[in-house]
Every structure is written in C-alpha cells, then in structure tokens.
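One structure is given below, encoded as structure tokens.
The values are calculated or read from the model by the stated rules, or taken from the named source; none is laboratory data. As the structure is a computational prediction, the values presented were derived from the model and not from experiment. Neighbour counts are summed over all protein chains in view; Cβ atoms, including those assigned to glycine, are modelled from backbone coordinates with ideal geometry. For the accessible areas, the whole protein counts, side chains as well, though only heavy atoms, and no ligand, DNA or RNA atoms are used. Shrake-Rupley method; radii C 1.70, N 1.55, O 1.52, S 1.80 Å.
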Protein chains: 4
Amino acid sequence: MKTKILSIVALFSIMLFSFKADNPIRIVFFGDSITQAGVNPTGYITKMTQMIANEGLAAKYELIGAGIGGNKVYDLYLRHEEDVIAKKPNIVIIYIGINDVWHKSTSRTGTDADKFERFYNALIKRLQNAGSQVVICTPTVIGERHDNSNENDGDLNFYAGMIRKIAEKNQVKLIDLRKAFMDYEVKNNIENKASGVLTTDRVHLNEAGNTFLAETMWAVIKTL
Amino acid sequence: MKTKILSIVALFSIMLFSFKADNPIRIVFFGDSITQAGVNPTGYITKMTQMIANEGLAAKYELIGAGIGGNKVYDLYLRHEEDVIAKKPNIVIIYIGINDVWHKSTSRTGTDADKFERFYNALIKRLQNAGSQVVICTPTVIGERHDNSNENDGDLNFYAGMIRKIAEKNQVKLIDLRKAFMDYEVKNNIENKASGVLTTDRVHLNEAGNTFLAETMWAVIKTL
Amino acid sequence: MKTKILSIVALFSIMLFSFKADNPIRIVFFGDSITQAGVNPTGYITKMTQMIANEGLAAKYELIGAGIGGNKVYDLYLRHEEDVIAKKPNIVIIYIGINDVWHKSTSRTGTDADKFERFYNALIKRLQNAGSQVVICTPTVIGERHDNSNENDGDLNFYAGMIRKIAEKNQVKLIDLRKAFMDYEVKNNIENKASGVLTTDRVHLNEAGNTFLAETMWAVIKTL
Amino acid sequence: MKTKILSIVALFSIMLFSFKADNPIRIVFFGDSITQAGVNPTGYITKMTQMIANEGLAAKYELIGAGIGGNKVYDLYLRHEEDVIAKKPNIVIIYIGINDVWHKSTSRTGTDADKFERFYNALIKRLQNAGSQVVICTPTVIGERHDNSNENDGDLNFYAGMIRKIAEKNQVKLIDLRKAFMDYEVKNNIENKASGVLTTDRVHLNEAGNTFLAETMWAVIKTL
C-alpha cells in the first residue's frame, strides 16, 4: 500500500517535472482584443500551446495571454509593470497597432504616428530593462481585401512600416504578421472579400485566422 | 506690294477660320481645386490647349474650366445646371473624388460611398439628358508614395474602384488617372516621397503634374 | 326603409366631403430617419394627424411623410423634385441637420457649415419656386443632457443658429425644435440623462418624443 | 571704499537669501503647449512669478514650467518621472485635457473618456506616491463663444465634468479654469467672438489670457 502511494507520488513528481521543467521559457503575449481572445478554446495562444504539446515540447514553454480589448500602444505602457513585468517573462511578444489606426475612423481616438513610435520604444526599453527578450509584430488586418482597398490600408501599411523600423532600430526580432496575412489573402481570398477568410468582422480572427496566427508566430518563436 | 498685303489678309482669314471653325468641340472640365487651377498659366487645361494648338487642332476644340476648390461630387450636382449645362458642352470631363475621401480625414466631412455613387450616377444622367457626352476620371493621388502607405490610399483605391464600375454601368468613357499616376510614380518616384514629384503638397499638381495630367487626358479625349 | 338608406348614404357623403374637402392643405414633412419613422403608428406625423382629427380639422389637412434615414441637407436637395415637388404640397416642413453634424463623429461624413447653408438656401428657393410655402426647423437633439455636455452639442448649437439665420434671411417661418426640446429637458430630465426621456438612443424619438414633436410642430402649423 | 564693496556684497547676499530662502515651495506646472508658452516673457508662469514677487513672496515660491505642445494626459504619464518627479516638487499643477478633446476633430487622435480618466487617476497616484501635493485644472477653451456653440464645447464640457469628479474622488484641490474662463467671456466677450478676447486662435492664450490664467491659478495656489 505504502509503496503504491509512494509510486503515485513519484509518478506525479515525474509528471510535474516533465510538464514544468526546471525552467520553462515563459512567454507573455501582450496585446489587444485579438490576444484577449487568444486564450479562448479556439484562440491562437491555446492553439499554439497545443502545437507545442504535439511537438513534445510542452515542458519547455509556458504561454501566458495578456491582451485587453481596445488597447493601443499607450495602454500597454500604462499596464506593462503589473500585467507583464510582474510575471517575469523570458520573452514578451508585443502585438499591437490595429486600434491605434482603426480608432481614428471609429471613434477619432487613434494614435499619432510620432507618439506611437515614442510609446513603442519606451515600452521595449522598459521590458528589456526588466530582463525580458522582446519580439514585436506588425498589425494583421483591418479588412481582408488584398488590393489595398480596405479603408484603413494606407495608414495600416504606414504603421506596419514604422514597426519594421522600430524592430531594426531596437534590434529586436520582428514577426511580420501583416506580410504573412496579406500573402495568405492573395493565395486564399479568391473573391477579394473584406471578411470571412481569416476574420469574422474584418479584424477579429475566426478559427482559421487563429490557427494561421499561431503557426506564423510559432515558426518564429521556436527559433528564439 | 498690294498682292502681298492681300495675301497676308487672306492668310489671317484662313487662320481665324481655322481657329474658330463653325463648330469646335466644346469640352467642359468639371471638378475641384485641381481643375480650378487648371486654367492658370501652367495649369493642365492651359497646357492641353497648347498641345492641341501644337497639333494644329486649335480650331477643333474649345476647352473650358469649371473647377471650384473643395468641391465633392454633391457640390458638382448642386451647380451642374448653371456651370455646365448652361455652357452647352459637347463633352463633359468629370474629375472629382479626392475631397470626398480626403475631407474624411481633414474635416470629417467626406462623402459616404453609397451617396458618392448615387450623386455620381444622377450627375451623369443629368448631363447626358442635356445632350453632352460624359467622360469620367478616377481620382489622382492623396500622397505620392507608391507602396500604398499614404494615409488615405485604402479609401481612395476603393472610390477609384467605384468610379470604374460607374463608368462601366453607365457605359461612359473612363480616364483612369489614378492608375496612370501610380504607374508614373513607380517609375519616377525612386525615393517613394509623399510629395514633390507630381504634386506640391501630396494633392495639388506641380508643373510636371499638370503636364502629365494634360497628356493623359488628351490621349483619351483625342479619340472621342 | 328606403329613406333610411338614403339618409345613411347622405351622411356618408357628407362625411366623405368633410374628410376630403375640395382642397385640403397638403403638407409634406421632408427629413431624415425621424421623419421616416414619423408615419409609423406612434410616429409624430401619425400623432399630428390624430390631433388634427380630434380638433375636427381632418378635412382641412393632408399630412405626407417624406423622410429617409441617414439624410443630410444635400440628400434632400438630390431628391426634392421627385419626393416633394411632384406631390404639389402647399406647405413643406424641412426638418434636417442632425446627420449633417452627427455623421462628423460617426462616419466622418458630416456637412461643412458653409455647404450646409448653401444647399439649404438652394433647397428653399427650389421649393418656393415650385409654389410651396416653406417652414424650417432647428435640429432636435444628439444626446438629451441639458448642460451642453453631449458630445456634439457645440456643433449642433452652431448649426441650429445657422438655421435660425437662414429662416430670417429667407423670411420663412421657423419651428425652433432645438429650443423647445431643450426647454422640455430642463423641466423633465431631472437626472440629466443622455437618453430615455424623449429619445430611445440619444437621437431617435420614443413615444413621448413623437408626441412632444407633434404638439410643437402643430402649434406652429395651425397658425399658418 | 572697502566698506562700500562689503556693503554691496552684503546687499547681494540679502537679496539672494530673500530670493532663494532655505526651502521655497517648488511648484511644477505640468501641461501642454499653453504651459510650454507659460515660461515665455508674457506667459502665465512668468506673470505669476512677477505677481508673487510683487507681493514680496519671491523667496517662498519656485515656479517651474513642464509643458510640451500637443500633450494629452497619456503623454504626461509617459514623461512624469523624468520631467516632474525628478524635480522633487512640493506641488504639481496638472493642466491638461484640451488636446484630448480637440485632436478628435483635428487629427482623429483624441483620448477616449474612459482612458482619459484611467490615465489621469494613475498620474495623480504616481505623483502623490512620490511625495507631491497634486492640484488639477479643468481645460480652458476651444473657442471663446460663451453660448456653447464652439464645435467642441459639448465634449469639452463633458471632460471638464470628468475632471471635477476626478478631483473629488482623489480628494485633490481643483482649479476650475473652464468655469473661470467662461464667466470671464460672458462678462467681457460682448460680441460672442470665437477668438481674440483671451486667446489668439481659439485655444492659445494672448497676453490678457495669460494674465487672467495667472491670476486665477495664483488665487488658489496662495491658499495651499
């Protein structure tokens, strides 16, 4: 009897050990509503966790969602200490910018380009100073048409360009989600629809969108 | 000596006759500030008049500017009777749409897509009913960068697409200025500048812009 | 028996005669979604028709709704021939301006003040030239708070002021709906709520709003 | 001769002593372009320094400007450590909010009401935790007309109301600049002009505006 208990305890210990190895790489996904939904059953963070498990790497990575709907870059700055640094992540994936552009149209409360850059740089520095590796992403889409005829495309392309330069200037890894998504749309969105391929509503991801985002991010994260 | 004078008079008479033939083709250019400036010494209408004279066709065409700064499609509708139909043109070139998009950003007084189409169709019908041939143009540029990163590019591309469909649906001739300008920018705007190639300020044309516009329009008009 | 039938027929004839007298005053209400809803069972035009009947004046007035959702002053101009003049009204009540201001916020497609005035003046002239008496109204509310803290209040007050001047300049009767509504709110909206007193959603009228609008308009119309 | 020099030195020492007493109350004015201009020769901070000197209190107060053009509440948050806390002020006067409202109209980059409140509360807490007394101000004007017909009046009144509640909730002293300015306009802006009484351009203060602002603020600051 005692042996049995002991061996169960041993088994648990092994399981614990294998699931939470001495030091899994802790990754915080820091973003807006897409990231908030990323921890849902079909969200991109949940899917990436499954992909990692399927590759037998469950013990190596711990993925944490830190997304809040409606967030822009300055909202991330306001809450980065409490919501990110306090969790002591090894890696922080910043995926922000859609609302900074989109809210110019919807509520006239977007973010000026120069301030977007200033807050983004300050945020990167703070997270790096706290000991995390920072990875940044270009924004995905506001409308899925692939001929640059979605209302916000001009501005969104410009902000994506800024993020590419921010990555270069700060020498942080870039995940070029906008490029990946647009390449996907060109191949798969034959009818040039505004939504319904990777998104439900031009912005928020459907299951295909979450899967594609998880794959695109994971392809980079696994190389870090 | 007398013969000489007589022959000079004869020459003049012929010239006069050839300049104002019984029925020159009267063309009204109906648009916004770019067309208002089109009748300036270096404006596109003035330049086109010179091109026509250089081709010895001065007697065949009469070009009239009817542009007013800040005009959108509904402003054209308001003044089409007084400013166009009253002049009994054979041809009306409608070149409108920049402010319908641009003013969304600058003064939040742009034109909704569905209303843009409704006013455009009504305007074409009115001008046709008054006996004019109607030719319509896609809008040129709001920003000269050719990678679709000018703030209004998405919306401007969309409105250009609407105008192409309006031309098709109404079976009127189209001058695709936006395509022509963008092709020009790709070839000549090596540094991908926002202004200074064909415009002074991202929208209004410099002399190169006026020349290119005159050439682009004339290439179509001469075929009518 | 025959006499009885005859007298019933006579009675009906009299009723018919009194209800549709040789020349009832035909009034067209020309406006936006509020006027479109005005012909609903609880709409303000329906209610005014009932008030008129209650005062025994049913034969004297014929009320016709000509409202379309989302309309601004230039939309009225586009459709005034077909939707108003074609109906040969004695009186036209123009009640427009909310969307001209509101759409600046919601879709960045409001109407510039100078163009608002130009289209309004042109519209009045067209309707007068067609033989109708024109009556114009200030816009009601975008938000029911009565301390001038509704987002669009500044602009809406400015456009209301423009309409008062347009009435004066064109010497047409004014129904100052904005003043009437604000006076009502001060008295009855004790909690200074943004909606729920006269509107369902800050703009569109609930039944109390439709009743108050009918009363306010009728008080002026009966004097014409 | 020597005595003379000595007495001059003594005089200087007394002057220095009286100007910089052991511990003058250090006040930082934290704001936007109006505060940036406040340290100009005719700016409100310069004028307040003169008023204080005139009252013989020069030694008691040290006024420091910390304004940057275009700043909104979140910009203050970004730079509060470097630009305010680092200066160890006894008192911080926060005067912000005009751009948070105004930029909705000018560049569609205003600040949502809920975020305005969140950043404002966070900023107050940070400054208090660093040991400063915090005083907050309602925004002055965007347009000087006193009948609530300036375009942004509705929204500006709403944000002023939010700031009054923030003061109450955080139990910090409030300087109700908007009320003071509006009372002044009612008395002195007889023609109900949009600018030219206290401002040059509807927002930025002329000399009368700087004087009135200095007086209004000093009346409260002297009581702290």
Note to self: For the range D:39-107 and the range C:112-190, what is the centre-to-centre distance using only Cα atoms, to the nearest Å?
What the structure shows: 41
Notebook entry, point to check: What nm value, rounded to one decimal, do you get for the distance between A:Thr223 and A:Asn40 when each label is placed 7 Å out toward the C-beta?
Noted result: 3.1
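Rounded to the nearest whole Å², what accessible area per residue is found for chain A with the 1.4 Å probe? Mind showing how you got there, number by number?
Numbers: 9780 Å² over 224 residues.
Per residue, chain A has an accessible area of 44 Å².
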Margin query: Rounded to the nearest 20 debye, what is the charge dipole size of the protein assembly as shown about its Cα centre when +1 sits on each Lys and Arg Cβ and -1 on each Asp and Glu Cβ?
Written below: 40
Notebook entry, point to check: Against the longest principal axis of chain C, how steep is helix C:207-221, in degrees 0 to 90 to the nearest 10, with axes from Cα atoms?
Noted result: 70
Check: So for chain B: antiparallel DSSP bridges make up what percent, rounded to the nearest 5?
Finding: 5
Item checked: Solvent exposure, largest accessible area first (probe 1.4 Å, DNA, RNA and ligands not counted), of A:Ser195, B:Ser132 -> A:Ser195, B:Ser132
Notebook entry, point to check: Can you give the longest stretch of chain A with no exposed loop site, where a site means trypsin sites (Lys or Arg not before Pro) in a DSSP loop (not H, G, I, E or B) with at most 14 other C-beta atoms within 10 Å?
Noted result: A:61-221
Check: Any idea how far apart D:Asn170 and C:Glu168 come out in nm if each label point goes 7 Å out from Cα toward Cβ?
Finding: 4.4
Notebook entry, point to check: Relative to the longest principal axis of chain A, what angle (0 to 90°, nearest 10) does the C-alpha long axis of helix A:2-19 take?
Noted result: 20
Check: Can you give the FRET efficiency for D:Ile25 and D:Asn206, using 1/(1 + (r/R0)^6), R0 = 35 Å, r = Cβ-Cβ distance, to the nearest 0.05?
Finding: 0.75
Item checked: Hz values of 3J(HN,Hα) by residue in the range B:142-159 - Karplus curve (6.51, -1.76, 1.60), Gly and Pro given as x -> 10, x, 9, 4, 9, 10, 6, 10, 6, 3, 8, 4, x, 5, 5, 4, 5, 5
Notebook entry, point to check: What ³J(HN,Hα) values, in whole Hz, does the Karplus curve 6.51 cos²θ - 1.76 cosθ + 1.60 give for the range C:179-189 when θ = phi - 60°, with x put for Gly and Pro?
Noted result: 4, 4, 5, 5, 4, 4, 5, 4, 6, 10, 9
Checklist line | Minimum 20 Å² accessible area buried by the other protein chains, the range D:79-116 residues, probe 1.4 Å, relative to alone | finding: D:Glu81, D:Lys104, D:Ser105, D:Arg108, D:Thr109, D:Gly110, D:Asp112, D:Lys115
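Ignoring everything except DSSP H segments at least 4 long, calculate the 222 nm mean residue ellipticity for chain C; use -39,500 (n - 2.57) per segment, divide by total residues, nearest 500.
On the way: 9 runs with 115 residues, N = 224.
For chain C, the value works out to -16000 deg cm²/dmol.
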Item checked: B:Asp183 accessible area, assembled protein chains, probe 1.4 Å, Å² -> 70
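Quick one: if the Förster radius is 56 Å, what FRET efficiency do C:Ala130 and D:Gln128 give, using the C-beta to C-beta distance and rounding to 0.05? All intermediate terms of the calculation are to be shown ahead of the outcome.
On the way: r = 68 Å, r/R0 = 1.22.
After rounding, the FRET efficiency stands at 0.25.
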Margin query: At a threshold of 8 angstrom on Cα-Cα distance, excluding pairs fewer than six apart, so keeping six or more, what relative contact order does chain C reach in percent?
Written below: 19
Check: Based on Cα positions only, what radius of gyration and what Dmax would you give for the protein assembly as shown, in angstroms?
Finding: 34.3, 140
Check: What list of ³J(HN,Hα) values in whole Hz, one per residue of the range A:43-57 in order, does the Karplus curve 6.51 cos²θ - 1.76 cosθ + 1.60 (θ = phi - 60°) give from phi, with Gly and Pro shown as x?
Finding: x, 5, 6, 4, 5, 5, 4, 5, 4, 5, 5, 4, 8, x, 10
Margin query: Strictly over 21 Å apart at the Cα level, which of D:Lys72/D:Lys115; A:Lys115/A:Lys193; A:Lys47/A:Lys104 would you flag in this model?
Written below: A:Lys115/A:Lys193; A:Lys47/A:Lys104
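Once you charge only the Cβ atoms, +1 for Lys and Arg and -1 for Asp and Glu, what is the size of the charge dipole of chain C about its Cα centre, to the nearest 20 debye?
Computed charge dipole of chain C: roughly 840 debye.
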Item checked: Solvent-accessible area of B:Thr223 with every protein chain in place, 1.4 Å probe, in Å² to the nearest 10 -> 90
Item checked: Test item: Cα-centred dipole of the range A:83-211, Lys/Arg +1 and Asp/Glu -1 on Cβ, debye -> 640
Check: Hey, for A:Gln50 with labels 7 Å out along Cα-Cβ, what do the inter-copy distances come to in nm, ordered shortest first?
Finding: 5.7, 6.8, 7.2
Check: How far is B:Asp147 from itself in the other copies, in nm, if each label sits 7 Å out from Cα along the Cα-Cβ line, shortest first?
Finding: 2.3, 5.1, 5.2
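Can you give the net charge of the other residues whose Cβ lies under 11 Å from the Cβ of A:Arg178, counting K and R as +1 and D and E as -1?
On the way: positive: A:Arg164, A:Lys179; negative: A:Asp153, A:Asp176, A:Asp183, A:Glu185.
Cβ neighbours under 11 Å give a net charge of -2.
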Notebook entry, point to check: On the first, second and third principal axes, largest extent first, how far apart are the outermost C-alpha atoms of the range B:80-224 in Å?
Noted result: 46, 35, 26
Note to self: Can you tell me what percent of all Cα-Cα pairs in the range C:104-184 are more than 23 Å apart?
What the structure shows: 26
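Estimate for me the total accessible surface buried between chains C and B (protein heavy atoms, probe 1.4 Å, no ligands or nucleic acids), in Å² to the nearest 100.
So the buried area, both faces added, is about 1800 Å².
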Checklist line | Built amide H within the under 5 Å cut-off of B:Ile175, gap 5+ | finding: B:Ile136, B:Cys137, B:Thr138
Notebook entry, point to check: Which far-off residues, 5 or more places away or on another chain, put their amide H under 5 Å from the one on D:Gln133, with H placed in the peptide plane?
Noted result: D:Ile91, D:Val92
